[in-house]
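Colleague: If you scroll down you'll find the structure; I have some questions about it.
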Amino acid sequence: MSFLSYLINGISLGSVYAIIALGYTMVYGIAKMLNFAHGDVIMVGGYVALTMMLNLNVNPVIAILVAIVACTVLGICIETIAYRPLLGAASPLAVLITAIGVSYFLQNVVLLIFGSNPKSFQSVVTFGDLQLAGGSLVISDEAVVTILTCVIIMVVLTLFIGKTKAGQAMQAVSEDKGAARLMGINVNGTIALTFAIGSGLAAVAGILLLSSYPSLTPYTGSMPGIKAFVAAVFGGIGSIPGAFIGGILLGVIEILGRAYISSQLADAIVFAVLIVVLLVKPTGLLGKAVQEKV
Amino acid sequence: MKKLNKTTKDNLITYGMVLIAYVAVEIFLKAGVVSSLLQGLLVPLCVYVVLAVSLNLVVGISGELSLGHAGFMCVGAFAGAFVSNCVKDVITAGSVRIFLALLTGAAVAAVFGLLIGIPVLRLRGDYLAIVTLAFGEIIKNVMNVFYIGIDGSGIHVSMKDKMSLGLAADGNVIINGPQGITGTPKDSNFTIGVLLILVTLFIVLNLIHSRDGRAIRAIRDNRIAAESVGINITKYKLMAFTISASLAGAAGVLYSHNLASLQASKFGFNTSILVLVFVVLGGIGNIRGSIIAAVILTLLPELLRALNDYRMLIYAVVLIAMMLFTSSPAGMAFRERFSLKRLLGRTKEGKEEQ
């Protein structure tokens, strides 16, 4: 039974990684850049929700909505100020460095406002743990909500990208920016929309993560950010189902590694599995190999 | 001077710059106008310059994005500190000890560079970047649970805890898991740091302008074309990666001999990123730029110390602003329009017209 409960915890943590990884992978797919500030958007979402709930005493549902809106706006601001001017830059590394700059910026703004002491986050899920098999298997309510949210987001996002005009515009832009522009697609608007969706998802992920692991500091976002990036690459970066599978697998490996092998080496195990996967399949689990033209 | 070609002249300027900076700092030190805070920064400054130059060899010259440079620094730092701790009772001359430590650190880091490079360099682009990141984190995590001790019967290694080393009574724990290494002799100083910078420059600049270096750059510019003229891709990529790792290891040794205690947690992802920022801001592939960027960006947070809580915020804003100014198409057009050369050129033309 303990294995089952570890597995469910792993899937729950993995669902959070998957939601963050979706943001990574969408931005990468469309703008071909690694958005290192993504992890810090999670942290900002956490702080917004916490302030709304603790200091303003609003309903958790409203707090979540405000956090999502705030992160969405933040995502659009980041895109406009720090990334759009560099779209035609000679080196792709330029954008990577501004992303790091944005990451430092967000961390330090939050540090100035809230200080470096960890704040304890109150869970937004309060309907009580599930008792199964006569009480021998307890599933926390946060895990249930996290997994369900992840599945819903996954389904809605797939439908959005496949069926709506805006979603198809995203696919077109990620395939070929020039051709998309010729077809009358607003390329900059589409990229901004991708950032907005990714950042909104980051807010959701942040609140879910903090509901299960309730310690919030200005640096809370960076490690889940890196792990989600790993998850995105694991599943094949640019692929949405890949991000989902990569995230879940990563979470399960991390929790099982922590439980059965060594709690200090859990991160090392996660990264080692990633290396093995990439060496066997260099484009990730579901990534498409791009044919090189000579 | 006429006989020197352009690259030789360029290289001499780089060496000269380092030497002049060294002499200037020494004069200021003798004059006693350097604050103790800045004095404490001199060795880290050398460490970061060596790291930046060595990372530029991989990122700029070989064209592969590496996010795990701190991992090699970590390996070198621990290997060097281990050797110094073992021999500190036998060898008392600090300069001999650190020379030995630098050699060991560089050699061990080179072995790691080679072992990691063989699988990693099969990958390309962002996948390579993420795997180097992964290796960097693995090294940090493993060092965090690594115990090594020494007693009469030899060296004991464990990955569990101090007790399982099974040391004899006279035994001595040298690397103590998360607590790292303590009591490393403080053998680093500014002169040794500058010497290491010069050696690094000598190795890297000579490599770049050698036949091997041209092969490495050819692979960066067009892998397929390079392969089709018979350049052994794996060999040259591995060469750049290993040399870079080994220099990072040497930088780590310098770093570890400047601190009383050393923990693996200091060599995380953030350190790798810090060095990458130096390389990108200094200009990818531009060795002299890396040196200048490393010096300025290491000093910047200290110079902003008066601003207290706001300094890292300003650092972040400066980073973004510099990147937008130097790399965005709009910023480049602006620089083109108002560049000094062009403004000077105009005044010259104006004079000629008169």
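Colleague: Report, to the nearest 10°, how far helix A:141-163 tilts away from the longest principal axis of the Cα atoms in chain A, using its own Cα long axis and a range of 0 to 90°.
Modeller: 20 degrees
Colleague: If I model the range B:38-120 as equal point scatterers sitting on the Cα atoms and use the Debye formula, what is log10 I(q)/I(0) at q = 0.14 Å⁻¹?
Modeller: -0.57
Colleague: Quick check on the range A:12-220: what are the equivalent-ellipsoid semi-axes from the Cα gyration tensor, as sqrt(5λ), descending, whole Å?
Modeller: 32, 22, 14
Colleague: For chain B, find the longest principal axis of its Cα atoms and tell me its angle to the long axis of helix B:287-303, 0 to 90°, nearest 10.
Modeller: 70 degrees
Colleague: Can you tell which of B:CYS86, B:THR298, B:GLY285 lies farthest toward the positive end of the dipole of the range B:6-353, using +1 and -1 charges on the Cβ of basic and acidic side chains (Lys, Arg; Asp, Glu)?
Modeller: Working it through, the farthest residue towards the positive pole turns out to be B:GLY285.
Colleague: Let me ask you something else. Hey, can you list the residues from the range A:250-284 whose accessible area shrinks by 30 Å² or more with all protein chains present, relative to the chain by itself (probe 1.4 Å, no ligands or nucleic acids)?
Modeller: Listed by number, the residues meeting the 30 Å² cut-off are A:GLN264, A:LEU265, A:ALA268, A:PHE271, A:ILE275, A:LEU278, A:LEU279, A:PRO282.
Colleague: What is chain A's relative contact order, in percent, from Cα pairs under 8 angstrom and six or more apart in sequence?
Modeller: Relative CO of chain A lands at 37 percent.
Colleague: Can you tell me which of B:177-186, A:150-159 comes out highest on packing, and rank the rest after it, using the mean Cβ neighbours within 10 Å?
Modeller: Answer by packing, highest mean first, reads B:177-186, A:150-159.
Colleague: Could you pull out every residue, at least 5 positions away or on a different chain, whose amide H is within less than 5 Å of the one on B:HIS156? Hs are placed 1.01 Å off N in the peptide plane, and Pro or chain starts have none.
Modeller: Hits under the 5 Å cutoff: B:GLY149, B:ILE150, B:ASP151.
Colleague: Which whole-angstrom value gives the distance between the alpha carbon centres of the range A:128-161 and the range B:271-308?
Modeller: Rounded to whole Å, the Cα centres lie 45 Å apart.
Colleague: Okay, next question. Sorting B:GLU137, B:GLU227, B:GLU26 by accessible area (1.4 Å probe), largest first, what list results?
Modeller: B:GLU227, B:GLU26, B:GLU137
Colleague: Go through the range A:181-195 residue by residue and turn each phi into a ³J(HN,Hα) via Karplus (6.51, -1.76, 1.60, θ = phi - 60°); whole Hz please, and just put x for glycine and proline.
Modeller: These are the phi-based 3J(HN,Hα) values: 5, 5, 7, x, 8, 6, 5, 4, x, 5, 5, 4, 4, 4, 4 Hz.
Colleague: Name the residue, out of B:ASP89, B:ASP161, B:ASP126, whose mean-square fluctuation peaks in a Gaussian network model built on chain B with Cα pairs under 10 Å.
Modeller: Result: B:ASP89 has the largest fluctuation of those listed.
Colleague: Further question: How large, in percent, is the carbon and sulfur part of the accessible surface of the protein assembly as shown at a probe radius of 1.4 Å?
Modeller: Within the protein assembly as shown, the accessible surface is 65 percent carbon and sulfur.
Colleague: Heavy-atom accessible area per residue, the protein assembly as shown, 1.4 Å probe: how many Å²?
Modeller: Per-residue accessible area for the protein assembly as shown comes out at 45 Å².
Colleague: Rounded, prolate or oblate: which fits chain B when a ≥ b ≥ c are the square roots of the eigenvalues of the alpha-carbon gyration tensor, with rounded for a/c under 1.5 and prolate only if a/b beats b/c?
Modeller: prolate
Colleague: Compute the acute angle (0 to 90°) between the alpha-carbon long axis of helix A:93-114 and the principal axis of greatest extent of the alpha-carbon atoms of chain A; round to the nearest 10°.
Modeller: 40 degrees
Colleague: What average count of beta carbons from other chains do you get within 10 Å of the Cβ of residues in A:183-194?
Modeller: Mean partner-chain Cβ count within 10 Å for A:183-194: 0.
Colleague: For the ranges A:254-267, B:235-248, what's the packing order if you count other beta-carbon atoms within 10 Å of each residue, average per peptide, and put the highest first?
Modeller: Result, highest mean first: B:235-248, A:254-267.
Colleague: Per-residue mean of other chain beta-carbon atoms within 10 angstrom of the beta-carbon, peptide B:134-145?
Modeller: Average per residue, whole number: 5.
Colleague: Output the peptides B:101-109, B:189-197 sorted from most to least packed, where packing is the average of other Cβ atoms within 10 Å over each peptide's residues.
Modeller: With the highest mean Cβ count within 10 Å placed first, the list reads B:101-109, B:189-197.
Colleague: To continue, here is another question. Report, in deg cm²/dmol and to the nearest 500, the calculated mean residue ellipticity at 222 nm for chain B, where each DSSP H run with n ≥ 4 adds -39500 (n - 2.57) and the sum is divided by the residue count.
Modeller: Computed mean residue ellipticity for chain B: -23500 deg cm²/dmol.
Colleague: Could you tell me whether the range B:248-325 comes out rounded, prolate or oblate from its Cα gyration tensor? Rule is a ≥ b ≥ c as square roots of the eigenvalues, rounded for a/c under 1.5, then prolate if a/b exceeds b/c, otherwise oblate.
Modeller: It comes out oblate by the Cα gyration axes.
Colleague: Name the most mobile residue of A:ALA63, A:ALA192, A:ALA180, meaning the one with the largest mean-square fluctuation, in a Gaussian network model of chain A with Cα contacts below 10 Å.
Modeller: A:ALA180
Colleague: Could I ask something else about it? Which ³J(HN,Hα) values, rounded to whole Hz and listed in residue order, are derived for the range A:65-81 from phi using the Karplus coefficients 6.51, -1.76 and 1.60 in 6.51 cos²θ - 1.76 cosθ + 1.60 with θ = phi - 60°, glycine and proline given as x?
Modeller: 4, 4, 4, 5, 4, 4, 5, 4, 4, 4, x, 5, 4, 4, 4, 5, 7
Colleague: With θ set to phi - 60°, apply the Karplus curve 6.51 cos²θ - 1.76 cosθ + 1.60 along the range B:110-118 and write out the HN-Hα couplings as whole Hz, x wherever there is a Gly or Pro.
Modeller: For the range B:110-118, the Karplus-derived couplings read 5, 4, 4, x, 5, 5, 6, x, 4 Hz, x marking Gly and Pro.
Colleague: Is there a quick way to get the dipole size of the protein assembly as shown? I mean about its Cα centre, with the Cβ of Lys and Arg at +1 and of Asp and Glu at -1; what is the value in debye to the nearest 20?
Modeller: That gives the protein assembly as shown a dipole magnitude of about 1920 debye.
The values are calculated or read from the model by the stated rules, or taken from the named source; none is laboratory data. The model shown is predicted, which means the values in this text are computed figures rather than measured ones. Ideal geometry is used to build each Cβ from the backbone, glycine not excepted, and the neighbour counts take in all protein chains shown. Ligands, DNA and RNA are excluded from the accessible area calculation, which covers all protein heavy atoms including side chains. Shrake-Rupley method; radii C 1.70, N 1.55, O 1.52, S 1.80 Å.
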